Amino acid sequence: MRKQADSKEREKADRRRKRSWDFSQLVIGPWMRNKFDFSHDDFEPADIEGPVLVAINHACAYDPILLGIAFRNKPITFVASEHILRMKTWGPVLDRHFSLIPHQKGAKSSRTALVAMKRIKRGESIFLAVEGEQTWDGRSMPVMPHTGKLVKGSGATLVTYMLEGGYLSAPRWSMETRKGKVYGHMVNVYSPETLEKMTDEEVETAITKDLWFDTWEWQKTRPDGPVSFKCRGGIAEGLERAVFTCPECVAFGTLRSSGDNISCGCGFKVRMTETGFFEPAGFVETIVDWEKTDRESLTVRFKELLASRSPETAEIIADDNVTLVRIGDDHEEEEAAHGRVALIYKEGNFVLTVGEHEFNVAGISNMTMALAARVVFSDQSGYYELRSEKSSKTNLRKYVIAREILNVIVKE
């Protein structure tokens with residue numbers, strides 16, 4: 001009786017998901033096509049028998065919707081960051097109507113792969129953002145570990161799909177979306193039989209080759225010239241959520257964006273153009289260059305502190321008005337602290353402090369971004385989120401970068 005009841009409930013959910021999918025194609029599809037000037041090739045995924053795994057280059061937060069338009073005749077189930085389910089208004093609505101598969105970013109382990117495999121066995125097609133999160137600098141990120149194993153074990157057809165122009169239409173750090181040109185196209189189709197003959201590593205290599213995308217090379221090599229992406233506000237608004245080191249005075253956290261410009265109190269100022277490049281030329285050309293400065297400057301600072309063996313506490317980076325939230329197994333939230341977050345050097349260790357809470361960076365097992373103003377991480381005491389206000393330009397990403405650098409330094 002229980003199995004029969006579960007089967008009926010699944011059938012009911014499947015019908016609801018199909019109705020929601022069809023409705024979104026009629027209502028949301030035309031609006032999104034116009035908003036981003038989105039077009040795609042004439043590839044017809046409905047011609048593929050059985051479920052598919054769709055791997056994409058994760059360029060912006062709207063990728064699932066744009067992909068859904070291109071795959072309108074073959075409904076897709078989305079793997080979505082767990083924080084979406086915690087959104088009080090949209091979380092429950094999206095989950096009910098589209099049966100999302102939650103992925104717990106920043107957690108030590110995840111049931112995402114097991115749930116996805118189960119859904120594929122039921123015949124569902126799955127959207128797979130193989131990089132784990134959307135790009136910050138306009139270039140593809142590495143494919144997540146164990147992706148090859150998931151793809152091979154699913155028994156589904158793998159479709160690699162490219163979105164061009166998505167990053168500059170909605171940069172992760174930006175306060176606004178821009179209208180320019182986004183184009184989607186199929187890169188390759190791998191049948192289950194083909195995948196069976198490949199190793200896990202070969203599958204991941206194929207995905208990486210198919211989906212590697214560099215926004216800046218794309219802009220430079222377009223036959224018709226670079227695309228301009230226009231918005232109502234300033235092009236550079238929110239850029240300090242992505243970069244944090246002044247290239248001139250090498251101070252951390254002193255950058256401020258306004259309109260098309262980003263500047264520092266030392267007198268440094270640079271303008272971002274509608275094509276995404278900086279001017280005047282010769283200082284930094286792209287965000288990729290700027291992030292290199294960020295990482296190099298932090299690395300130098302960390303090594304100086306370690307070499308000094310100073311017994312004194314030193315604050316390296318810090319921000320005010322940040323909330324620490326403890327997240328439970330059922331997505332429940334509990335505010336643990338609010339106030340100043342800082343990364344400090346203390347008694348030979350690097351420590352993340354939030355109010356009275358302290359986390360030894362060496363003990364943090366995972367740490368990553370969710371949206372542009374949230375960091376999720378875990379250690380032996382639980383699963384947490386650092387959160388600034390949605391409209392804030394606070395750069396929380398620098399704490400993720402700092403942990404990445406410290407992990408490398410420790411291994412040297």
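The values are calculated or read from the model by the stated rules, or taken from the named source; none is laboratory data. This is a predicted model, so every value here is computed, not measured. Heads up, the Cβs are rebuilt from the backbone with ideal geometry, glycines too, and the neighbour counts pull from every protein chain shown. Accessible surface is based on the protein model in full, side chains and every heavy atom, while ligands, DNA and RNA are left aside. Shrake-Rupley method; radii C 1.70, N 1.55, O 1.52, S 1.80 Å.
Taking the alpha carbon gyration tensor of the chain, multiplying each eigenvalue by 5 and rooting it gives semi-axes of 36, 27, 20 Å, largest first.
When DSSP beta bridges are restricted to pairs lying wholly in the chain, around 75% turn out antiparallel.
Per residue, the chain exposes an accessible area of 49 Å² to a 1.4 Å probe, with every protein chain left in place. With the convex hull constructed from alpha-carbon coordinates only, segment 351-393 shows a mean projected area of 3.3 nm² over all directions.
Normalising by the residue count of segment 163-247, find the relative contact order in percent from Cα pairs under 8 Å and 6+ residues apart. For segment 163-247, the relative contact order is 42 percent. To the nearest Å, what is the center-to-center distance of segment 279-331 and segment 34-59, using C-alpha atoms only? Cα centres, segment 279-331 to segment 34-59: 37 Å. Taking a point 7 Å from the Cα of N321 along the Cα-to-Cβ direction, the residues of segment 363-402 with backbone N closer than 19 Å to it are 372-375, 386-399.
Dividing the alpha-carbon radius of gyration of segment 239-305 by the rule-of-thumb value 2.2 N^0.38 Å gives 1.09. Along the axis of the charge dipole computed for the chain (Cβ charges of +1 for Lys and Arg, -1 for Asp and Glu, origin at the Cα centre), the listed residues M367, L114, S392 are led at the positive end by L114.
Charge dipole of the chain (Cα centre as origin; +1 on each Lys and Arg Cβ, -1 on each Asp and Glu Cβ, all else neutral): 1220 debye, rounded to the nearest 20. Cysteines in the chain that lack a partner Cβ within the 4.7 Å cut-off: C60, C231. Taken as Cα centroids, segment 339-393 and segment 190-213 sit 35 Å apart, rounded to the nearest whole angstrom.
When the Cα gyration tensor is reduced to axis lengths a ≥ b ≥ c, the ratio a/c is 1.5 or higher for segment 15-71, and with a/b not above b/c it is classed as oblate. Rolling a 1.4 Å probe over the protein heavy atoms of the chain, with every protein chain left in place, gives an accessible area that is 50 percent carbon and sulfur.
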